[in-house]
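Take a look at the structure below.
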Ligand SMILES: [Zn+2]
């Protein structure tokens with residue numbers, strides 16, 4: 001049967017039962033989607049969070065009470081990037097769980113290779129970690145508009161050992177109380193594979209609870225944990241698969257308004273739902 005969907009990439013899997021595959025993108029409101037969904041389900045191909053993504057309209061972002069923010073522009077790695085030296089230098093790992101990675105926290109400025117290429121972006125991230133950096137002028141605008149909940153933290157030139165001139169870190173200080181609503185989330189766990197290529201799931205032996213990043217829809221939080229919070233906060237809850245663990249950064253509607261009014265670029269703003 002031919003549906004006329006453009007295939008992006010064909011790939012071979014030798015280690016799972018789906019030996020030949022392909023990638024394609026399709027929107028849920030595409031008239032062909034019901035047919036595609038039928039084909040996938042008749043072939044018993046599961047659709048996971050890793051396969052899906054949610055695009056929000058400008059209106060949805062502008063009318064959200066709170067959004068999750070994360071970089072959409074990435075430049076380089078935390079330095080020195082080999083042998084985990086960056087982690088020893090900038091993060092405290094005494095409390096980090098050796099099994100699931102939670103409780104890794106920043107203790108000192110992050111070192112970067114050089115002044116980053118920002119292109120048309122005002123914000124940026126680096127690979128491996130989820131910290132947010134911004135051009136100096138961004139901080140002036142945030143402060144002038146009374147945005148609260150962050151420290152302006154230097155980023156260090158890793159060879160010269162001096163602060164970079166063009167960007168600084170937007171370091172978010174406050175943390176919400178626990179409470180992400182788990183009803184549409186998948187718990188991260190230890191994934192294994194049997195001799196028959198069946199994927200197995202077991203809870204982390206450390207007992208920690210952490211969630212896989214959501215592909216479809218919105219993260220949900222109870223409204224009452226936002227009561228007296230500043231405009232930028234970290235979640236108490238941790239997200240990420242395997243050993244990767246991150247606390248999300250959430251931003252108020254006031255932050256979104258400033259971001260939009262200044263036509264800033266370099267962050268994704270994804271509405272969350274308060275219940
Ligand atoms: Zn753990």
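The values are calculated or read from the model by the stated rules, or taken from the named source; none is laboratory data. Here the structure is a predicted model, which is why all the values come from computation and not from measurement. Cβ placement follows ideal geometry from the backbone for every residue including glycine, while neighbour counts extend to all protein chains displayed.
Numbers below:
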item	result
Verdict on residue 124 being in contact with a strand residue (DSSP E or B) (Cβ under 7 Å, 6 or more places away or on another chain) and assigned to a loop (DSSP other than H, G, I, E, B)	no
Residue match in segment 119-138 (condition: within 30 Å of residue 190 (Cα to Cα), away from the ligand (no atom under 16 Å from the Cβ), more than 15 Å from the chain's Cα centre (by Cα) and buried (at least 20 other Cβ atoms within 10 Å of the Cβ))	no
Condition broken by residue 97, with the remaining ones in (1) more than 16 Å from the ligand (Cβ to nearest atom); (2) surrounded by 14 or more Cβ atoms within 10 Å (Cβ to Cβ); (3) in a loop (DSSP other than H, G, I, E, B) satisfied	(1)
Scan of segment 194-238 for residues that are on the phi > 0 side of the Ramachandran plot and within 16 Å of the ligand (Cβ to nearest atom), ordered by number	207
Residue in segment 65-81 that is in contact with a strand residue (DSSP E or B) (Cβ under 7 Å, 6 or more places away or on another chain), away from the ligand (no atom under 16 Å from the Cβ), assigned to a helix (DSSP H, G or I) and under 21 Å from residue 233 (Cα atoms) present	no
Inter-residue pairs, beta-carbon under 8 Å, first under 27 Å from residue 209 (Cα atoms) and in segment 101-112, second more than 16 Å from the ligand (Cβ to nearest atom) and in a loop (DSSP other than H, G, I, E, B), 6+ apart	106/131
Checklist (1) surrounded by fewer than 19 Cβ atoms within 10 Å (Cβ to Cβ); (2) within 24 Å of residue 244 (Cα to Cα); (3) touching a helix residue (DSSP H, G or I) at 6+ places or on another chain (Cβ under 9 Å) applied to residue 110, failing item	(1)
Test: residue in segment 239-248 that is away from the ligand (no atom under 16 Å from the Cβ) and touching a strand residue (DSSP E or B) at 6+ places or on another chain (Cβ under 9 Å)	yes
Some residue of segment 37-59 being within 16 Å of the ligand (Cβ to nearest atom), within 20 Å of the chain's Cα centre (by Cα) and at pLDDT below 95	no
Qualifying residue in segment 103-118 (condition: assigned to a loop (DSSP other than H, G, I, E, B) and within 16 Å of the ligand (Cβ to nearest atom))	yes
Test for residue 65: is it within 27 Å of residue 131 (Cβ to Cβ) and modelled with pLDDT of 65 or more	yes
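To keep it simple, each residue is scored yes or no on (1) surrounded by fewer than 17 Cβ atoms within 10 Å (Cβ to Cβ); (2) more than 22 Å from the chain's Cα centre (by Cα); (3) at pLDDT 95 or above.
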| position | (1), (2), (3) |
| --- | --- |
| 168 | no, no, yes |
| 171 | no, no, yes |
| 180 | no, no, yes |
| 189 | no, no, no |
| 199 | yes, yes, no |
| 211 | no, no, yes |
| 215 | yes, no, no |
| 228 | yes, yes, no |
| 233 | no, no, yes |
